[in-house]
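The values are calculated or read from the model by the stated rules, or taken from the named source; none is laboratory data. Everything quoted here is computed from the prediction, not taken from an experiment. Here Cβ is always computed from backbone atoms with ideal geometry, including for glycine, and neighbour counts include all displayed protein chains. Please note that ligands, DNA and RNA were not included when accessible areas were found on the heavy atoms of the full protein model with its side chains. Shrake-Rupley method; radii C 1.70, N 1.55, O 1.52, S 1.80 Å.
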Amino acid sequence: MKMPNKETAVLGVDPQNDFCPGGALAVREGDQVIEPLNKVFEHARRQGWKLALSRDWHPEETVHFDKWPIHCVQGTTGAKFHPDLNTDGITVFSKGMEDIDDGYSPFEGIDDGERKLDDFLDGVKRIYVGGLATDYCVRAAVLDAIKREYEVYLLLDAVRAVDLEEQDGQKAIEEMERAGAIITDTKELLGN
Ligand code: VGL
């Protein structure tokens, strides 16, 4: 049997109902990240990689809602992961739980044992990132991961942008690439 490779992790960022079509802060085609994320997580389970998901997990009132429609309030349907996402064996990091911050970065998150993502990723060298949204939480995740000197792979087919301004998503991708992210997709990773 192959040794589990704990030097690689997959991080799925905020694939939650409110960021999908019909949700409170719907990202265009947001639901289309679910299938590629499922494929990558399945591959990662077989390889024995570390599996992480982040979720926006806001209180009812937060300064974050001065900027954004109310979304991903703790315990609501909108805050649940998309129903087609297979979350088996994946550690969930909740973020944005204070009423004073935006909570964009999964590195601010904690799991249900109050462990930080940094501690969970102990020993990891490379991270594959996908999810929602390219220009906010995915961007924050990738830039923070690069700061921590991980090798970071952005899964292009597994991200979608809010695009408040046209091109925001594209600009964020270019910014991540300039910062050192390796741009790839699930086909390249899975070899199909
Ligand atoms: C996000 C906008 C507001 C995200 C969260 O998950 O990318 N975007 N809050």
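Go through (1) within 14 Å of the ligand (Cβ to nearest atom); (2) surrounded by fewer than 17 Cβ atoms within 10 Å (Cβ to Cβ); (3) over 25 Å from Arg28 (Cα atoms) one by one and return the number of the condition Glu151 breaks.
It fails just one condition, (1).
Taking segment 88-140 on its own, how many of its residues are within 9 Å of the ligand (Cβ to nearest atom) and aliphatic (A, V, I, L, M)?
Residues meeting the conditions: 4.
Within the set of pairs 6 or more residues apart or between chains, which connect a residue that is at positive phi and at pLDDT 95 or above inside segment 1-21 to a residue that is assigned to a loop (DSSP other than H, G, I, E, B) and crowded, with 24+ Cβ neighbours inside 10 Å with Cβ atoms less than 9 Å apart?
Asp14/Cys72; Asp14/Ala133
Which residues, taken from segment 166-181, are open to solvent by 40 Å² or more (accessible area, probe 1.4 Å) and within 16 Å of the ligand (Cβ to nearest atom)?
Gln170, Lys171, Glu175
If a residue must be within 16 Å of Ala133 (Cβ to Cβ) and touching an Asp or Glu at 6+ places or on another chain (Cβ under 9 Å), how many such residues does segment 144-164 contain?
Summing the residues that are within 16 Å of Ala133 (Cβ to Cβ) and touching an Asp or Glu at 6+ places or on another chain (Cβ under 9 Å) in segment 144-164 gives 11.
Going through Val73, Val27, Val40, Val33 one at a time, which residue ends up being of a type in the set (A, V, I, L, M), free of Cβ contacts under 8 Å to residues at least 24 places away in the same chain and crowded, with 16+ Cβ neighbours inside 10 Å?
Val73
Could you tell me which numbered condition Ala141 fails, if it satisfies all but one of (1) over 14 Å from Gly12 (Cα atoms); (2) small (Gly, Ala, Ser); (3) buried (at least 24 other Cβ atoms within 10 Å of the Cβ)?
With (1) over 14 Å from Gly12 (Cα atoms); (2) small (Gly, Ala, Ser); (3) buried (at least 24 other Cβ atoms within 10 Å of the Cβ) applied to Ala141, the lone miss is (1).
Kindly establish whether Leu190 is within 16 Å of the ligand (Cβ to nearest atom) and either closer than 16 Å to Ile34 by Cα or modelled with pLDDT of 95 or more (or both).
no
Any idea which of Tyr104, Tyr128 is free of Cβ contacts under 8 Å to residues at least 60 places away in the same chain and within 12 Å of the chain's Cα centre (by Cα)?
That would be Tyr104, the only listed residue that is free of Cβ contacts under 8 Å to residues at least 60 places away in the same chain and within 12 Å of the chain's Cα centre (by Cα).
Acidic (Asp, Glu), away from the ligand (no atom under 12 Å from the Cβ) and either farther than 30 Å from Arg46 by Cβ or surrounded by fewer than 18 Cβ atoms within 10 Å (Cβ to Cβ) (or both): does that describe Asp163?
No; evaluated as a whole, the condition is false for this residue.
Of all residues in segment 6-21, which are open to solvent by 50 Å² or more (accessible area, probe 1.4 Å) and either more than 16 Å from the ligand (Cβ to nearest atom) or of a type in the set (A, V, I, L, M, F, W, C) (or both)?
Lys6, Glu7
Let me spell it out: the conditions are (1) within 11 Å of the ligand (Cβ to nearest atom); (2) farther than 17 Å from Leu155 by Cβ, and Glu61 meets all of them except one. Which number is the exception?
Looking at each condition in turn, Glu61 falls short on (1).
How many of the residues making up segment 76-90 are surrounded by fewer than 16 Cβ atoms within 10 Å (Cβ to Cβ) and in contact with a helix residue (DSSP H, G or I) (Cβ under 7 Å, 6 or more places away or on another chain)?
Residues that pass the stated criteria total 5.
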